[in-house]
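Shown next, in structure tokens, is the structure this report addresses.
The values are calculated or read from the model by the stated rules, or taken from the named source; none is laboratory data. What you are looking at is a predicted structure, and each value in this text was computed from that prediction instead of being measured. Using ideal geometry, Cβ is built from the backbone for each residue, glycine included, and neighbour counts are taken over all protein chains shown.
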Amino acid sequence: MEADAPARTVTAHLGKDTYSHIHYDSDQARTISVREAARLQSFPDGFRFCGAMNDGFKQIGNSVPPLMAYAIASALRTQLKAAGVITEKRRRSGRTDSLRLFVRVA
């Protein structure tokens, strides 16, 4: 990896293929941690992964990066609203707001 360049894709088998993501700091000369892999994929620091290190790499590598998923879902929602396929209704329940989507069936 390089400090000033995009990282390669984090794969599900990173735990077995550790040489593809070596920390760019030559003083460290190590594979990246599960937390560092999660940050590369835009997971928030508080997100918890279950199991051992290889399980964490597998969960990260098999997932859609959260910021990408959000961007896709937002664009899709905009298009569906514009086409009149869905309507939205915000509801406050307890401490959180919830967004309910209603699909118009032909």
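Pairs under 6 Å by beta carbon, first residue within 18 Å of ASP55 (Cβ to Cβ) and small (Gly, Ala, Ser) in segment 4-32, partner modelled with pLDDT of 75 or more and not in a helix (DSSP H, G or I), six or more apart or different chains?
Between residues of segment 4-32 that are within 18 Å of ASP55 (Cβ to Cβ) and small (Gly, Ala, Ser) and residues that are modelled with pLDDT of 75 or more and not in a helix (DSSP H, G or I), the close pairs are ALA12/ASN62.
How many residues, within segment 33-57, are aromatic (Phe, Trp, Tyr) and either in contact with a strand residue (DSSP E or B) (Cβ under 7 Å, 6 or more places away or on another chain) or touching a residue at least 24 places away in the same chain (Cβ under 8 Å) (or both)?
Number satisfying all stated conditions: 1.
Within segment 64-72, does at least one residue satisfy the condition of being part of a loop (DSSP other than H, G, I, E, B) and modelled with pLDDT of 90 or more?
yes
Within segment 51-62, is even one residue of a type outside the set (Asp, Glu), at pLDDT 90 or above, surrounded by 16 or more Cβ atoms within 10 Å (Cβ to Cβ) and not in a helix (DSSP H, G or I)?
Within segment 51-62, none of the residues are of a type outside the set (Asp, Glu), at pLDDT 90 or above, surrounded by 16 or more Cβ atoms within 10 Å (Cβ to Cβ) and not in a helix (DSSP H, G or I).
Residue by residue through segment 55-91, note down the ones that are within 21 Å of the chain's Cα centre (by Cα) and among the hydroxyl-bearing types (Ser, Thr, Tyr).
Passing the criteria: SER63, TYR70, SER74, THR78.
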